[in-house]
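Engineer: So that we are looking at the same thing, I have put the structure below in structure tokens.
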């Protein structure tokens, strides 16, 4: 069973059916799902959320300075973190947002020991603002924060994809499901799990990754209870 978990969410989990913006109803449903999974457990949960529902540097930032485009994306993650915090607390989970980019009026500054203390007190901690520097994805932020807080695992949440396949199952009906693999196998086979920098960090530190379908009934609760769900990647 996991004691401390880092859950990686994409910004699209908060979006409307078109995959853009923040939908209060969708965000509330997500928050209830997470809160229900936590209920009755001793799991300490931290979350990193992306900003793709609001801004994608590669697409929206064409013609801009790449660093500026990335900073805009990081601000988008703080907006998502605030929206999710509001929904989580409405659902009954005490929550704190911590931002790598200082903005004291809306979020606490990211301080490692303070984040750990929040987790120990039973609060969900949402990390926004990326890692405070451009040119890194929220995948990399997830692995960095997981290592800093001493998480047991990184849970990579997916929508309607129940794990890792040898090719895209949405395009190839013959794609084969992979129940377990090593970090090195994922790198060598170029399986789409997370970006290469993040995956290499996990491999170097022996940090397990679980790729799973967040919206399959009870998957998150089953993971918190120590059951095997989705694809496990470990050394």
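Values quoted throughout were computed directly from the atomic coordinates according to the rules given, and no laboratory measurement underlies them. Just so you know, these numbers come straight off a predicted model, no measurement behind them. Neighbour counts run over all protein chains shown; Cβ positions are idealised from the backbone, glycine included.
Engineer: Out of 214, 220, I need the residue that is surrounded by 21 or more Cβ atoms within 10 Å (Cβ to Cβ), out of contact with any strand residue (DSSP E or B) (no Cβ under 6 Å at 6 or more places or on another chain) and either closer than 23 Å to residue 36 by Cβ or without any contact (Cβ under 8 Å) to a residue 24 or more places away in the chain (or both). Which one? I'd like the intermediate steps shown before the answer.
Structural biologist: Working: 214 fails: out of contact with any strand residue (DSSP E or B) (no Cβ under 6 Å at 6 or more places or on another chain).
So the residue among 214, 220 that is surrounded by 21 or more Cβ atoms within 10 Å (Cβ to Cβ), out of contact with any strand residue (DSSP E or B) (no Cβ under 6 Å at 6 or more places or on another chain) and either closer than 23 Å to residue 36 by Cβ or without any contact (Cβ under 8 Å) to a residue 24 or more places away in the chain (or both) is 220.
To keep it simple, each residue is scored yes or no on (1) touching a residue at least 40 places away in the same chain (Cβ under 8 Å); (2) closer than 19 Å to residue 21 by Cα.
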position: 77; (1), (2): yes, yes
position: 96; (1), (2): no, no
position: 132; (1), (2): yes, no
position: 137; (1), (2): yes, no
position: 153; (1), (2): yes, no
position: 164; (1), (2): yes, no
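Engineer: Condition test on residue 81, is it surrounded by 17 or more Cβ atoms within 10 Å (Cβ to Cβ), within 29 Å of residue 29 (Cβ to Cβ) and in contact with a helix residue (DSSP H, G or I) (Cβ under 6 Å, 6 or more places away or on another chain)? Quick ask: steps written out before the conclusion?
Structural biologist: On the way: surrounded by 17 or more Cβ atoms within 10 Å (Cβ to Cβ): yes; within 29 Å of residue 29 (Cβ to Cβ): yes; in contact with a helix residue (DSSP H, G or I) (Cβ under 6 Å, 6 or more places away or on another chain): no.
Here the answer is no, as residue 81 does not meet what is asked.
Engineer: Follow-up question, since we're still on this one. Just wondering, is there one or more residues in the stretch 39-53 that are free of Cβ contacts under 8 Å to residues at least 12 places away in the same chain, out of contact with any strand residue (DSSP E or B) (no Cβ under 6 Å at 6 or more places or on another chain) and farther than 30 Å from residue 217 by Cα?
Structural biologist: no
Engineer: Would you check if residue 88 is in contact (Cβ under 8 Å) with a residue 12 or more places away in the chain, in a helix (DSSP H, G or I), under 17 Å from the mean Cα position of the chain (by Cα) and buried (at least 18 other Cβ atoms within 10 Å of the Cβ)? Spell out the reasoning first.
Structural biologist: Numbers: in contact (Cβ under 8 Å) with a residue 12 or more places away in the chain: yes; in a helix (DSSP H, G or I): yes; under 17 Å from the mean Cα position of the chain (by Cα): yes; buried (at least 18 other Cβ atoms within 10 Å of the Cβ): yes.
Yes; evaluated as a whole, the condition is true for this residue.
Engineer: Right, here's the next one. Show me the helices (runs of 4 or more DSSP H) found entirely inside the stretch 132-235 where at least 2 residues are within 20 Å of residue 80 (Cβ to Cβ) and out of contact with any helix residue (DSSP H, G or I) (no Cβ under 6 Å at 6 or more places or on another chain). Walk me through how you get there before you give the answer.
Structural biologist: Numbers: elements: 138-149, 183-189, 196-205, 219-224.
Ranges flagged: 138-149.
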